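Taking it in order: structure first as C-alpha cells, then the write-up.
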Amino acid sequence: MGKMKKATVSGSSVGADVKQSLQLIRNEIISKKQEQSNLQAAQSRDFNGKNADSVEALMTISMSELYDTCYAPKLPIVDGLIYPGTFLFVGAPKVGKSFFMAQLGYHVSMGIPLWDFPVRKGTVLYLALEDDYARLQKRLSRMFGVESSENFYFATHAKSLQEGLEQQLDQFVREHSDARLIIIDTLQKVREVSGDKFSYANDYEIVAKLKEFSDLHGICLLVVHHTRKMESSDTFDMISGTNGLLGAADGAFVMQKEKRTENKAVLEVTGRDQQDQRLSLEFDREQCLWKLQKMETELWKEPVNPLMEKVKGIVSEEHPVWQGTATELLGLLQEPDLHANTLSRKLNTMAEQLLLEYGIRYEISRDNCSRWVRLTLLERNQ
C-alpha cells in the first residue's frame, strides 16, 4: 500500500484531517440530495408549466453522465427498515398502528435504536388527525412515562392536500432543518374528496404529491391507511383503494393480526430501495409497546467488494482524510487493470455503500486543471 496522502488542494477547510461524525454530516448529505432533487423538481415544473425555453425539449441525461455523477447517499432513518421517501403504513382499524407510530416517532426523535435497528436522530412531526391532545398525552405517558423528547412534535388538525397541507409541511421542515420523519395518520383525513375519488388516477395523484414533497426535502413521509375487508393471498393487495396508492409510493408496511383480540402481529415490508421483510411482533399491553420477536426474512447482505476493502485501507484514524486525483488513488490501490476514469465511475456507484458499511465519505470536485477525489473516515458513533 502506498504512502498516505493528506489533502493539499487549495480551499480545503482548516482542520480537515480531524475525524468527523456520521451524525454531524447528515444535514450536509441531505442538503446535497435536496440540491439534486430541487433541480429535478424545477425541471419538471418548467416542463409541466410549458416554459418557452423547455416545452419543446425532453429533459434527458446520458448513461455516461449518470456514471460520471456522484449522487448524495440516501441515508436510512432506521437502518434496514425506514428510508427517505413516501411509504404507506397499512392495517385494520384498532390493530395497533397508532401505538407503533408513536413508538417509531419517539425512537427517531431520541436517536434510540428501534429493536435491533440503529436509528439516525432527527425531528419528527406526527399528524395525529384522529386523536386529540388529551388522548395523545395519555397514550404517550403509558408508553414512555414522563420522559419527553424536545424533537417530537404533534398536530391534531391539518389542511387537506387540496387546501394547503404541502405548504404547512414545507413551513415545518424549513423551521426544523433536521426533520427526518413526518407521520400522517390517516390518509383519509388529508386526501381530496371528489366524485372520482376511487379511481386509479386519483389515488396515484394523491400519493405522487406526497412523494414529490418527501423527495424534495429528503425526508420520510409515513402515511397511515386502512386495509380492505376482502381477503387476498397477496398481503399488499389488502391495501384499501386502487393499486394507484402503492404504485406511486416508495413502499408499504402492512400490519396484520390473525385475530383482533390477540397481541401478536406480522409486519410485512416492501419497497423500491429496500428488501422485502416479514417481522413477527408482540404487543406488550402493560407498556403499550411493540416488541420484535423474530425476523422471518433475514436481510440479504452484499458480498465483500475487494475494491472497497482496498479503499478502506487508504484512510485510518491517524490519517482520516485523503485527497488527490483519481490517478493517484489508482496508484495506491494497485489496480493495474483499471483506468482512472473507470475507477471514478465505480466509486460514484459505491458512494452510498462506502458510507453506510465502511463509514467513508467519498466526494469528487473539479478545479481548472484537475478532478479531485476526497475520502473522509467518519466516526461510527451513530
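The values are calculated or read from the model by the stated rules, or taken from the named source; none is laboratory data. Since the model is a prediction, treat every value here as computed from it, not as a measurement. Don't worry about glycine lacking a Cβ; one is built from the backbone with ideal geometry, like all the others, and counts go over all protein chains shown.
State which residue is farthest from PRO118 (Cα to Cα) when the search covers only the range 340-382 and only residues that are free of Cβ contacts under 8 Å to residues at least 40 places away in the same chain and among the basic types (Lys, Arg).
ARG366
Of all residues being in contact (Cβ under 8 Å) with a residue 40 or more places away in the chain and in a strand (DSSP E or B) in the range 242-265, which is farthest from SER199 (Cα to Cα)? Just the residue, please. Walk me through how you get there before you give the answer.
Keep residues of the range 242-265 that are in contact (Cβ under 8 Å) with a residue 40 or more places away in the chain, which gives 242-257, 260, 265.
Right, trim to in a strand (DSSP E or B) and you get 251-256, 265.
Numbers: GLY251: 20, ALA252: 20, PHE253: 22, VAL254: 22, MET255: 24, GLN256: 25, ALA265: 31 Å.
In this case the residue turns out to be ALA265.
Conditions (1) at pLDDT 95 or above; (2) crowded, with 17+ Cβ neighbours inside 10 Å, marked per residue:
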residue: PHE100; (1), (2): yes, yes
residue: GLN171; (1), (2): yes, no
residue: SER199; (1), (2): no, no
residue: GLU205; (1), (2): no, no
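Kindly evaluate GLN287 against the criterion of being farther than 30 Å from ARG374 by Cβ and either in a helix (DSSP H, G or I) or over 25 Å from the mean Cα position of the chain (by Cα) (or both). Steps first, answer last, please.
Working: farther than 30 Å from ARG374 by Cβ: yes; either in a helix (DSSP H, G or I) or over 25 Å from the mean Cα position of the chain (by Cα) (or both): yes.
Yes: the conditions hold for GLN287.
Given the options GLU357, GLU268, name the one that is at negative phi, in a helix (DSSP H, G or I) and surrounded by 15 or more Cβ atoms within 10 Å (Cβ to Cβ). Steps first, answer last, please.
Numbers: GLU268 fails: in a helix (DSSP H, G or I).
Of the residues listed, the single one that is at negative phi, in a helix (DSSP H, G or I) and surrounded by 15 or more Cβ atoms within 10 Å (Cβ to Cβ) is GLU357.
Please work out if VAL315 is in a loop (DSSP other than H, G, I, E, B) and among the aliphatic types (A, V, I, L, M).
Values: in a loop (DSSP other than H, G, I, E, B): yes; among the aliphatic types (A, V, I, L, M): yes.
Against the criterion (in a loop (DSSP other than H, G, I, E, B) and among the aliphatic types (A, V, I, L, M)), VAL315 qualifies.
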